[in-house]
1. Rg and Dmax of segment B:1-91, using alpha carbons, in Å: what are they?
2. Using the scaling law 2.2 N^0.38 Å as the reference, what is the normalised Cα Rg of the protein assembly as shown?
3. Could you list, bin by bin from short to long, the percent of Cα-Cα pairs of segment B:153-200 in 10 Å steps?
4. Just to be sure I understand: with springs between alpha-carbon atoms less than 10 Å apart, which residue in A:191, A:96, A:52 has the highest mean-square fluctuation in the Gaussian network model of chain A?
5. Residue B:14 label point, 7 Å along Cα→Cβ, cut-off 20 Å on backbone N: hits in segment B:24-52?
6. Segment B:158-217: which trypsin sites (Lys or Arg not before Pro) are DSSP loop and have at most 12 other beta-carbon atoms within 10 angstrom?
7. If you put +1 on each Lys and Arg Cβ and -1 on each Asp and Glu Cβ, how big is the dipole of chain A around its Cα centre, in Debye rounded to 20?
8. What size of dipole, in debye to the nearest 20, comes out for segment B:52-109 about its Cα centre when the only charges are +1 on Lys and Arg C-beta atoms and -1 on Asp and Glu C-beta atoms?
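The values are calculated or read from the model by the stated rules, or taken from the named source; none is laboratory data. Small disclaimer: the values here were computed from a predicted structure and weren't measured. Cβ placement follows ideal geometry from the backbone for every residue including glycine, while neighbour counts extend to all protein chains displayed. Accessible surface is based on the protein model in full, side chains and every heavy atom, while ligands, DNA and RNA are left aside. Shrake-Rupley method; radii C 1.70, N 1.55, O 1.52, S 1.80 Å.
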2 protein chains.
Amino acid sequence: MSSQFIVGVDLGGTNLRSAVVTEDKRIVSRASRSTDAEKGPEAVEDAIQACVMDAVEESGLGKEDLLAVGIGAPGPMNWQTGVVYSPPNLPGWKNVPLADDMRKRLGVPCYVENDANVACYGEFWLGAGQGAENMCLLTLGTGLGGGIVTHGKLLRGIDGTAAEIGHLKVERNGRLCGCGATGCIEQYASVTGMKKTALEGIALGAKTVLTDMMGNDFTQLTGKMISEAADQGDEYAAWVIEETATWLGIAISSLINLLNPERVVLYGGMIAAGDRLFGPVRKVAKALSFEVPGNRAQIIAAELGDDSGVIGAAGVALDRLRGHY
Amino acid sequence: MSSQFIVGVDLGGTNLRSAVVTEDKRIVSRASRSTDAEKGPEAVEDAIQACVMDAVEESGLGKEDLLAVGIGAPGPMNWQTGVVYSPPNLPGWKNVPLADDMRKRLGVPCYVENDANVACYGEFWLGAGQGAENMCLLTLGTGLGGGIVTHGKLLRGIDGTAAEIGHLKVERNGRLCGCGATGCIEQYASVTGMKKTALEGIALGAKTVLTDMMGNDFTQLTGKMISEAADQGDEYAAWVIEETATWLGIAISSLINLLNPERVVLYGGMIAAGDRLFGPVRKVAKALSFEVPGNRAQIIAAELGDDSGVIGAAGVALDRLRGHY
């Protein structure tokens, strides 16, 4: 067994995580830090460097056995050159050559990849997608992001922009999306979409404890409130979650008909809703898909929790080091 | 240059085509026959065998240099075993081991593949998709079928049912589809969908020459009539085509956001409408996609005409013979 290893880094707008992962896919150690995003790119690179070294030190392994570093970062970016353009949650970043900078700092090959792709790859490599050749992962948070694996490899497309699952159109004259289009699934099946669904009904007079919970201030509504209200027996809140899940099931039926995947993995804060979400998602997705792929596709929760990103970043780096893309 | 070759077969419900294709992608000869579908599976296999031999004879090449035969057939089927289940337009077929039967008859490896995949592969290999790593092809006829290439290979999914582009959901409470779901794009952006759009408006009193052309009998409307009426200056018919193209553009924007392909190739009878179709398709697809993939994806007509199927079948057979799937 080789003692060589990779470090995977999950670069978020607030927190930074790292993990030492061996070639045989074991996590040996973890570290975390504040991203210090408000201090600009150089401070963030300082933090990444320190967080990588923290994990290496914690692992007890020798730095000479560090093969490569993989970094999952917010897009847009060029995954091939490792240049990060200007992510909304990394202030002051403009075309930062993150892969080159980190290679100079750490003395090993560094690879940068879109954060949703990295989460997908982590679940594919070591989590809920293990053993699949075709899978997709949907990140259900403020927005709806995604990653896709086909032929056993991340689907990046010609420019690296593929897998924008949140921008599948599900309604011709639907809600206006931040991307400029109408009817994107992100406007229905993310926390933002769920809040819009809830507020539309409340504005029309729906009776619900949510009105009190948000102090009659529409801007104060959170996804957590909707989940809590449903758990307390509020029928309207339960309907809002079911409606959100129905939209998600519709989009997933399209993915199933298009990709015929073994797994559809749901990831992110919203999956805490459990059966209340997964029940209608599975029912609707199966009802609207063709029989063979509909029966085949397992719609399941991500398994690695907060580790999907660091593991996926390590996995992507190992693959790229070996020339597999 | 080797004189070895493959024969590609395009098995339709009415007509059968074959072509001799060399390893360096040249078509040397073609043949065609009636499928004789009404006589059942054995008669169809007789016809395939004869059609293959016709093309070989016509080519002047020696049968001993025939490497393999590829057959594009209507689904559903198992592409790995070459068993064709029960296609609607091949009466009497039930789990016919077409690949095995033809291998016994012809003495060379035979491969069977879904007809839309084969058309896609033909355009990828030698037509409008040449040089792309990622593309999709939409077959626009009575229905809406499709094929997808990712990572330079046909996307089949785990059961071979992938690329059912006609069953992307574009409207939650939309038209009922033959597949049992509602709002599938096939119900809007195929000839069937275009006719439905036309008839909905006529039923509501739209003024159009189509009413006379179909002799006031709704069952007599054809896609060709709509195209002709538009060419004659009928504004309603022109609107119907634009509306159909708009739906198609919406679905293509989803494909562009999901796959980030170099090319989106349109294929089948409907593309005869030319700019009247392609104009709004391109405009809508670009407007609703992300900027980078929207600018990248070329939406173009298939280039091989009736040869897409035979060339694609030959290409798939050659790949599979060499172990590339």
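1. According to the Cα coordinates of segment B:1-91, Rg and Dmax are 13.5, 43 Å.
2. Expressed relative to 2.2 N^0.38 Å, the Cα Rg reads 1.04.
3. The calculated distribution, bin by bin, is 27, 44, 23, 6, 0.
4. So, out of A:191, A:96, A:52, the one fluctuating most is A:96.
5. Zone members listed by number: B:31-41, B:44-45, B:47-48, B:51.
6. Hits after loop and neighbour filter: B:207.
7. Rounded to the nearest 20 debye, it is 700 debye.
8. Computed charge dipole of segment B:52-109: roughly 340 debye.
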